[in-house]
Amino acid sequence: MKILAIETSCDDTAMAVIDCQGDFQNLKTKLVANVISSQTKLHAKAGGIIPNLAAREHEKNLIPVFKETLKLAKIKIKDLAKEIDLVCVTKGPGLQPSLLMGLNFAKTLAYTIDKSIIGTNHLLGHIFSNFIKNDGTFENKIKLPVVCLLVSGGHTQLYKIETWNDIKLVGETLDDASGECFDKIAKILKLGYPGGVFISKVSEQTRLKNPNYTLEFNLPKPLINSKDYNFSFSGLKTAVLYLTQRLKKEKKFNKKTIEKICLETEEVITEVLTFKTIKLAKELKAKTIMIAGGVSANKRLRSKFIEKINDEFDFVCPDRLMSTDNAAMIATAGYYEYLQGKQDNCLDLEVNPNLTINN
Ligand code: KG4
Ligand code: ZN
């Protein structure tokens, strides 16, 4: 089944064509085309995403991205109805003005070529980003049960996956998401947007310069010892804000202390995420630990999981390009929903900015 997918939930205008076969246990995917037009530069000026500006950019970008996707997929516009079996589009969660742009485009397209449409869950998309290989084909050999850590700009969640038809939320952040925490701390340090990318770059260089670095600032590891599987990251952001204010007062806020703050921020965030995920995997006797979402691109998070798992579980992470928002993952999630018998109608399909995994 050849799927054309559209993703505009936040600040990336993305489209992909992907071939999906089999049920989820034996899923095979082939990435045919994958195009992402990022708005990072535009939002960097404000240090965060401005929803109406993002929507305007999607409006500008959708047709060029569509043309580029068809070109890469070697599909002529007149053959679209023959070549594409299903249209999938992110219906939530995300920023309403951004979601509306993609949804409107997808509905018009599906209606015109007379194909079925599925409004897809962005969070499912992140989980299934693990089912796409950036440079070719994928065959599902992932062992169940899986514990999946989903870490993005808007979400930090732990899922238990007993079968591919049964994905249950076990815990999530009570306040800020881990990506949001990276972004807010980068803003405090005036490093740029998206913050996670800058903090991880600075941390990596600092770690290389000081391989035996010991933590100095005693930043909190929120909820690390709580009995449940929830997270909390707003206190960490506040701790960094106070630390920065103190260092400024003491005239010690400089390149060196910024480097230390970056490294220590990355250390405590990755410590909490790996600790709680592995604890849940042990409790559930999972076979595989999987990560997904923008923060899963973080190299320290990946290496920490590999160090700590110590062959007790399989470790699965998406290709780094598939960690952050893309439409290939939306196609895979749409296929999942198609296999569950879901189908939407162009006339009724609406965005749902607060969509969760179970609705
Ligand atoms: O999944 P995503 O692209 O969009 C959402 O659905 O939110 O995630 C974006 C988040 C941002 O907060 C960004 O700072 C973070 O992912 N991120 C990273 C890295 N790359 C992106 N965080 C830490 N390390 C990275 N290398
Ligand atoms: Zn996302």
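The values are calculated or read from the model by the stated rules, or taken from the named source; none is laboratory data. This structure is a prediction, so every number in the text was calculated from the model and none was measured. Backbone-built Cβ (ideal geometry, glycine too); neighbour counts: all protein chains shown. Ligands, DNA and RNA are stripped out before the accessible areas are found, and what is left, the full protein with its side chains, is counted by its heavy atoms. Shrake-Rupley method; radii C 1.70, N 1.55, O 1.52, S 1.80 Å.
For every residue, the table says whether it meets (1) open to solvent by less than 50 Å² (accessible area, probe 1.4 Å); (2) more than 16 Å from ligand 2 (Cβ to nearest atom); (3) in a helix (DSSP H, G or I); (4) not small (Gly, Ala, Ser).
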| position | (1), (2), (3), (4) |
| --- | --- |
| 128 | yes, no, yes, yes |
| 138 | yes, yes, no, yes |
| 141 | no, yes, no, yes |
| 144 | yes, yes, no, yes |
| 148 | yes, no, no, yes |
| 162 | no, yes, no, yes |
| 170 | no, yes, no, yes |
| 175 | no, yes, no, yes |
| 182 | yes, no, yes, yes |
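Quick one: which residue in 308, 285, 342, 299 is of a type in the set (D, E, K, R), open to solvent by 20 Å² or more (accessible area, probe 1.4 Å), in contact (Cβ under 8 Å) with a residue 60 or more places away in the chain and touching a Ser or Thr at 6+ places or on another chain (Cβ under 7 Å)?
Values: 308 fails: in contact (Cβ under 8 Å) with a residue 60 or more places away in the chain; 285 fails: touching a Ser or Thr at 6+ places or on another chain (Cβ under 7 Å); 342 fails: touching a Ser or Thr at 6+ places or on another chain (Cβ under 7 Å).
Step by step, each of 308, 285, 342, 299 is checked, and only 299 is of a type in the set (D, E, K, R), open to solvent by 20 Å² or more (accessible area, probe 1.4 Å), in contact (Cβ under 8 Å) with a residue 60 or more places away in the chain and touching a Ser or Thr at 6+ places or on another chain (Cβ under 7 Å).
Every residue in segment 110-123 that is open to solvent by 10 Å² or more (accessible area, probe 1.4 Å) and in contact (Cβ under 8 Å) with a residue 60 or more places away in the chain, please.
Pass one, segment 110-123, residues open to solvent by 10 Å² or more (accessible area, probe 1.4 Å): 111-116, 122.
Of everything in segment 110-123, those that are open to solvent by 10 Å² or more (accessible area, probe 1.4 Å) and in contact (Cβ under 8 Å) with a residue 60 or more places away in the chain turn out to be 111, 116, 122.
Could you please give the count of residues in segment 316-326 that are away from ligand 2 (no atom under 11 Å from the Cβ) and open to solvent by 20 Å² or more (accessible area, probe 1.4 Å)?
Of the residues in segment 316-326, 5 are away from ligand 2 (no atom under 11 Å from the Cβ) and open to solvent by 20 Å² or more (accessible area, probe 1.4 Å).
Under 9 Å by Cβ, and 6 or more places apart or on different chains, what pairs join a residue from segment 145-162 that is under 15 Å from residue 271 (Cα atoms) and basic (Lys, Arg) with one that is open to solvent by less than 10 Å² (accessible area, probe 1.4 Å) and not in a strand (DSSP E or B)?
No pair meets every condition.
Give segment 310-348 a look and list any residue that's part of a loop (DSSP other than H, G, I, E, B) and within 16 Å of ligand 1 (Cβ to nearest atom), or say none. Break it down stepwise before answering.
Initial filter on segment 310-348 (part of a loop (DSSP other than H, G, I, E, B)): 310-313, 317-319, 324-327, 340-343, 345-348.
Of everything in segment 310-348, those that are part of a loop (DSSP other than H, G, I, E, B) and within 16 Å of ligand 1 (Cβ to nearest atom) turn out to be 317, 318, 319, 324, 325, 326, 327.
Tell me, please, whether a residue that is small (Gly, Ala, Ser), over 19 Å from the mean Cα position of the chain (by Cα) and more than 21 Å from residue 329 (Cβ to Cβ) can be found in segment 81-101.
Keep residues of segment 81-101 that are small (Gly, Ala, Ser), which gives 81, 92, 94, 98.
Restricting the remaining residues to those that are over 19 Å from the mean Cα position of the chain (by Cα) gives 81.
With more than 21 Å from residue 329 (Cβ to Cβ) added as a condition, the list becomes 81.
Yes; the residues of segment 81-101 include at least one that is small (Gly, Ala, Ser), over 19 Å from the mean Cα position of the chain (by Cα) and more than 21 Å from residue 329 (Cβ to Cβ).
Among the residues of segment 73-89, is any of a type outside the set (D, E, K, R) and at positive phi?
So in segment 73-89, the residues of a type outside the set (D, E, K, R) come out as 73, 75, 77, 80-81, 84, 86-89.
Then keep just the ones that are at positive phi; that gives none.
No, that holds for no residue.
Suppose we filter 313, 233 for residues that are open to solvent by less than 10 Å² (accessible area, probe 1.4 Å) and away from ligand 2 (no atom under 16 Å from the Cβ); which single one remains? So that I can check it myself, show each step before the final result.
Details: 313 fails: open to solvent by less than 10 Å² (accessible area, probe 1.4 Å).
Result of the check over 313, 233: 233.
Quick one: in segment 5-28, of everything that is in contact with a Lys or Arg (Cβ under 8 Å, 6 or more places away or on another chain) and open to solvent by less than 10 Å² (accessible area, probe 1.4 Å), which residue is nearest to ligand 2 (Cβ to nearest atom)?
Only one residue fits best here, namely 18.
In segment 253-282, how many are open to solvent by 10 Å² or more (accessible area, probe 1.4 Å) and assigned to a helix (DSSP H, G or I)?
The initial filter retains those residues of segment 253-282 that are open to solvent by 10 Å² or more (accessible area, probe 1.4 Å), namely 253-260, 267, 271, 275, 278-279, 282.
From what's left, assigned to a helix (DSSP H, G or I): 255-260, 267, 271, 275, 278-279, 282.
Summing the residues that are open to solvent by 10 Å² or more (accessible area, probe 1.4 Å) and assigned to a helix (DSSP H, G or I) in segment 253-282 gives 12.
Can you give me the number of residues within segment 271-309 that are over 16 Å from the mean Cα position of the chain (by Cα) and within 13 Å of ligand 1 (Cβ to nearest atom)?
Of the residues in that region, 3 qualify.
Looking at (1) in contact with a Gly (Cβ under 7 Å, 6 or more places away or on another chain); (2) part of a helix (DSSP H, G or I); (3) more than 16 Å from ligand 1 (Cβ to nearest atom), which one does residue 222 not meet, given that it meets all the others?
So the condition that residue 222 fails would be (2).
Please work out if residue 61 is closer than 21 Å to residue 120 by Cβ and either under 19 Å from the mean Cα position of the chain (by Cα) or modelled with pLDDT under 95 (or both).
On the way: closer than 21 Å to residue 120 by Cβ: yes; either under 19 Å from the mean Cα position of the chain (by Cα) or modelled with pLDDT under 95 (or both): no.
Taking the combined requirement at face value, the residue does not satisfy it.
Name the pairs: first residue in segment 176-203 and among the polar types (S, T, N, Q), second residue within 16 Å of ligand 2 (Cβ to nearest atom), Cβ to Cβ under 7 Å, at least 6 apart or on different chains?
From segment 176-203, the pairs are 178/151; 178/156; 178/295; 200/298.
If you take the residues of segment 184-198 that are of a type in the set (A, V, I, L, M) and more than 9 Å from ligand 1 (Cβ to nearest atom), which of them is surrounded by the most Cβ atoms within 10 Å (Cβ to Cβ)? Write out each step before concluding.
Restricting attention to segment 184-198, the residues satisfying the condition of being of a type in the set (A, V, I, L, M) are 185-186, 188-189, 191, 197.
So of that shortlist, the ones also more than 9 Å from ligand 1 (Cβ to nearest atom) come out as 185, 188-189, 191.
Values: 185: 27, 188: 18, 189: 21, 191: 20.
Ranking the qualifying residues of segment 184-198, first place goes to 185.
Quick one: is residue 69 surrounded by fewer than 16 Cβ atoms within 10 Å (Cβ to Cβ) and over 18 Å from the mean Cα position of the chain (by Cα)?
Details: surrounded by fewer than 16 Cβ atoms within 10 Å (Cβ to Cβ): no; over 18 Å from the mean Cα position of the chain (by Cα): yes.
No, not satisfied.
Name the residues in segment 199-219 that are within 16 Å of ligand 1 (Cβ to nearest atom) and of a type in the set (S, T, N, Q), would you?
Passing the criteria: 200, 203, 205, 206.
What are the residues in segment 261-310 that are among the polar types (S, T, N, Q) and within 16 Å of ligand 2 (Cβ to nearest atom), if any? Write out each step before concluding.
In the first step, residues of segment 261-310 are kept if they are among the polar types (S, T, N, Q); the result is 265, 270, 274, 277, 288, 296, 298, 303, 310.
Within segment 261-310, 296, 298 meet the criteria.
Given the conditions (1) buried (at least 24 other Cβ atoms within 10 Å of the Cβ); (2) in a helix (DSSP H, G or I), which single one is not true for residue 291?
Exception for residue 291: condition (2).
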